1. When you scan the range 154-192, how many residues do you find that are out of contact with any strand residue (DSSP E or B) (no Cβ under 9 Å at 6 or more places or on another chain), of a type in the set (D, E, K, R) and without any contact (Cβ under 8 Å) to a residue 24 or more places away in the chain?
2. Could you check the range 3-28 and list, in sequence order, the residues that are within 24 Å of ALA125 (Cα to Cα) and out of contact with any helix residue (DSSP H, G or I) (no Cβ under 6 Å at 6 or more places or on another chain)?
3. If you go through the range 29-49 one residue at a time, how many are of a type outside the set (Lys, Arg), touching a helix residue (DSSP H, G or I) at 6+ places or on another chain (Cβ under 9 Å) and part of a helix (DSSP H, G or I)?
4. Out of all the residues in the range 95-120, which are open to solvent by less than 10 Å² (accessible area, probe 1.4 Å) and of a type in the set (A, V, I, L, M, F, W, C)?
5. Is it the case that some residue within the range 65-77 is outside any loop (DSSP other than H, G, I, E, B) and either among the small types (Gly, Ala, Ser) or open to solvent by 20 Å² or more (accessible area, probe 1.4 Å) (or both)?
6. Can you list residue pairs whose Cβ atoms sit under 9 Å apart, with the first residue in the range 1-22 being more than 18 Å from LEU117 (Cα to Cα) and the second being open to solvent by 70 Å² or more (accessible area, probe 1.4 Å) and modelled with pLDDT of 95 or more? Count only pairs 6 or more apart in sequence or on different chains.
7. Can you tell me which residue among ILE138, ILE86, ILE56, ILE92 is over 12 Å from the mean Cα position of the chain (by Cα), closer than 20 Å to LEU154 by Cβ and either in contact (Cβ under 8 Å) with a residue 60 or more places away in the chain or surrounded by fewer than 18 Cβ atoms within 10 Å (Cβ to Cβ) (or both)?
8. List the pairs whose first member sits in the range 114-127 and is in contact (Cβ under 8 Å) with a residue 12 or more places away in the chain, whose second member is part of a strand (DSSP E or B) and open to solvent by 20 Å² or more (accessible area, probe 1.4 Å), and whose Cβ atoms are under 9 Å apart, counting only residues at least 6 apart or on separate chains?
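The values are calculated or read from the model by the stated rules, or taken from the named source; none is laboratory data. Not measured: the values here are computed from a predicted model. Using ideal geometry, Cβ is built from the backbone for each residue, glycine included, and neighbour counts are taken over all protein chains shown. The area values use the complete protein model at the heavy-atom level, side chains included, leaving out ligands, DNA and RNA. Shrake-Rupley method; radii C 1.70, N 1.55, O 1.52, S 1.80 Å.
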Amino acid sequence: MHDSWKPFLDTEFEKPYFKELSDFLRNAYETKTVFPPKRWVFSAFTTDLNEIKVVILGQDPYHTPGAAEGLAFSVPASQKIPPSLINIYKEIDDDIGGHKNQTGHLKNWQEQGVLLLNTVLTVEAHRPKSHSGKGWEIFTTEVIKYLNENRPHLVFMLWGRDARNKKSLIDTSKHLVLEAAHPSPLSAHNGFFGCKHFSKCNDFLKKNGEEEIVW
């Protein structure tokens, strides 16, 4: 994890809810197959807090072997691009004329200041949302509140119901909030396709003197 997050994380890790979550996770990793691997659970927090410009908020990690790597929607370069990310790439193509990634690995977005965060950071194999209600939602609520207070002119992309539930935490007079359906094939046609979030994001960044994201 990047040192810039240390004050925030040190505080959260000492709270009762997080200690309960830690106990749950310790047991889950010992007794079940859980994704992502423990070493990657906090991969999103290797992003320098002081460089974050965009927050993409997803649901929970991919629940199939080898896919989850701790960054929302991202998979290792060796993995097949998942359907949700295929739809994200389609929207980028339609919105701004093309995407730059050849694989499903989104490290290059992270390096440009995009925080790829799920609302829940772990999942049991083949059981989507199996770690919901265990404490992660409290943690990611605190992350959003911290970003809202400590970073200027952020773009928040909230995709799906779980992500959109965080909207009330964000000061919309300071930050840009973009909402849409989840890019999953089950819901992408209900408002994700055509949302134009990527051009809207870059327009906002440019207006506020920030470098645009190369999507």
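1. Total meeting the criteria: 2.
2. Residues satisfying the conditions are LYS19, GLU20, LEU21, SER22, ASP23, PHE24, LEU25, ARG26, ASN27, ALA28.
3. 6
4. LEU106, TRP109, VAL114, LEU115, LEU116, LEU117, VAL120
5. no
6. Close Cβ pairs (under 9 Å, with a partner that is open to solvent by 70 Å² or more (accessible area, probe 1.4 Å) and modelled with pLDDT of 95 or more) amount to LYS15/ILE138; TYR17/ILE138; GLU20/LYS134.
7. Testing whether each residue is over 12 Å from the mean Cα position of the chain (by Cα), closer than 20 Å to LEU154 by Cβ and either in contact (Cβ under 8 Å) with a residue 60 or more places away in the chain or surrounded by fewer than 18 Cβ atoms within 10 Å (Cβ to Cβ) (or both) leaves just ILE92.
8. What qualifies is THR122/PHE35; VAL123/PHE35; GLU124/PHE35; ALA125/PHE35.
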